[in-house]
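Novice: I am attaching a structure below and will ask some questions about it afterwards.
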Amino acid sequence: MLAHALTRLMDAQGAWTRPLGDLVHRFLHWFFHRIPAIRDLLNGRWLGHPLHAVLTDAPIGILFLVIVFDLLHLADAAAWALGIGILAMLGAALAGFADYSDTDGRARERATLHSTLMIVALLAYIVSLVLRLGPSGATESAGAFIVSLIAFLILAAGAFVGGDVVYALGNMVDRHAFRGAGTKWLVLEPAELDATGQIPEGRPIKAKLGINQLVLVRQGAQILALHDVCAHAGGPLNEGKLVDGAIECPWHYSRYRMTNGDVIQGPSVYHQPAYEVRARDGGGWEARRQPA
Ligand code: FES
């Protein structure tokens, strides 16, 4: 009941989050795709985990302390916590904007609502900090306390919406989270063969392996294979292009090394499942998931 009401309330914001999200996304996409090394750093590719999710805990914890210190009449401690909390919010926002630059559809709308709430909370916290900083240092102020209390409520609402972007809409979730690593050899069925009955060389080819779809690249006698569904947001890798031994996703340009599925360019922070391929007795090929 409550969940339905909250979802309806969030969805009702689509009239403004959709156009605003598209506008902001256009700029952020343009900006972050010009600095892929920074974007990868902020996405968390080096960590194998979305950095934004790691950084968001710090400001929420620190800014909760502001309320505690205020209630204990520790004005200096509250002002320091507030200053640090604002800096932590800015760090988390940077990582969040990097993720946002490759977010589509409903997740983008919801992320727009999330980031708008967070920016409003941030502005309120800045107002609260200014109110506290009297000429002789941190001073106790009922107005500053009330503003930071309201800011925390907005922050909590923003965190709820942000959680929804991940848990309900699956943004930045590994698309292979629930895929088993079965080691059984299965018959591989390439979607295309050349005139000699071989897998065409040097370009991505779609193939079926049981219930899974793979992307294959043949290099001479060697056949390299990855799962076709991009770990970032499900893009079809067989429609991507080869760049220096890696396959580039056509949706947001993540790159995975064809030999082992390692992610070498974001926004994906997850490796792609890789497969071993061998010739079958009697013709054709078979494949199985590479051990981790
Ligand atoms: S779906 Fe986003 S990079 Fe592939």
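Novice: Determine, yes or no, whether residue 265 is in contact with a Gly (Cβ under 7 Å, 6 or more places away or on another chain), within 15 Å of the ligand (Cβ to nearest atom), within 15 Å of residue 48 (Cα to Cα) and of a type in the set (S, T, N, Q).
Specialist: For residue 265, the condition - in contact with a Gly (Cβ under 7 Å, 6 or more places away or on another chain), within 15 Å of the ligand (Cβ to nearest atom), within 15 Å of residue 48 (Cα to Cα) and of a type in the set (S, T, N, Q) - is not met.
Novice: Name the residue, out of 213, 265, that is among the polar types (S, T, N, Q), touching a residue at least 12 places away in the same chain (Cβ under 8 Å), out of contact with any Leu (no Cβ under 6 Å at 6 or more places or on another chain) and more than 22 Å from residue 100 (Cα to Cα).
Specialist: Within the list 213, 265, the selection yields 213.
Novice: If you scan the stretch 12-39, which residues turn out to be exposed (fewer than 14 other Cβ atoms within 10 Å of the Cβ) and charged (D, E, K, R)?
Specialist: 22, 26, 34
Results for (1) charged (D, E, K, R); (2) within 16 Å of the ligand (Cβ to nearest atom), shown as yes or no for each residue.
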position	(1), (2)
87	no, no
96	no, no
107	no, yes
126	no, no
140	yes, no
149	no, no
163	no, no
176	no, yes
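Novice: OK, next. Could you count how many residues in the stretch 218-249 are more than 14 Å from residue 206 (Cα to Cα) and under 22 Å from the mean Cα position of the chain (by Cα)?
Specialist: 6
Novice: So, of the residues in the stretch 213-229 that are aliphatic (A, V, I, L, M), away from the ligand (no atom under 15 Å from the Cβ) and assigned to a strand (DSSP E or B), which turns out to be nearest to residue 171 (Cα to Cα)?
Specialist: 214
Novice: Among the residues that make up the stretch 14-28, is at least one of them outside any helix (DSSP H, G or I) and either over 22 Å from residue 173 (Cβ atoms) or aromatic (Phe, Trp, Tyr) (or both)?
Specialist: So far as the stretch 14-28 goes, no, none of its residues is outside any helix (DSSP H, G or I) and either over 22 Å from residue 173 (Cβ atoms) or aromatic (Phe, Trp, Tyr) (or both).
Novice: Okay, moving on. Among 83, 91, which is the only one that is at pLDDT 95 or above, surrounded by fewer than 20 Cβ atoms within 10 Å (Cβ to Cβ) and under 13 Å from residue 148 (Cβ atoms)?
Specialist: Every option except 83 fails the conditions.
Novice: Name the single residue, out of those in the stretch 268-287 being within 16 Å of the chain's Cα centre (by Cα) and more than 10 Å from the ligand (Cβ to nearest atom), that is nearest to residue 44 (Cα to Cα).
Specialist: Among residues in the stretch 268-287 that are within 16 Å of the chain's Cα centre (by Cα) and more than 10 Å from the ligand (Cβ to nearest atom), the one nearest to residue 44 (Cα to Cα) is 269.
Novice: Ok, one more. Counting only residues that are among the aliphatic types (A, V, I, L, M) and in a loop (DSSP other than H, G, I, E, B), which one in the stretch 180-212 is nearest to the chain's Cα centre (by Cα)?
Specialist: Selected residue: 181.
Novice: Right, here's the next one. Within the stretch 230-255, can you find the residues that are within 9 Å of the ligand (Cβ to nearest atom) and either crowded, with 22+ Cβ neighbours inside 10 Å or among the aliphatic types (A, V, I, L, M) (or both)?
Specialist: The answer is 230, 231, 232, 233, 237, 240, 249, 254, 255.
Novice: When you go through (1) under 30 Å from residue 231 (Cα atoms); (2) part of a helix (DSSP H, G or I) one by one for residue 103, which number turns out not to apply?
Specialist: Condition not satisfied by residue 103: (2).
Novice: With respect to residue 159, determine if the residue is under 28 Å from residue 14 (Cα atoms), at pLDDT 95 or above, surrounded by 16 or more Cβ atoms within 10 Å (Cβ to Cβ) and not aromatic (Phe, Trp, Tyr).
Specialist: yes
The values are calculated or read from the model by the stated rules, or taken from the named source; none is laboratory data. Keep in mind that what you see is a predicted model, and the values were worked out from it rather than measured. Virtual Cβ from ideal backbone geometry, glycine too; neighbours counted across all protein chains shown.
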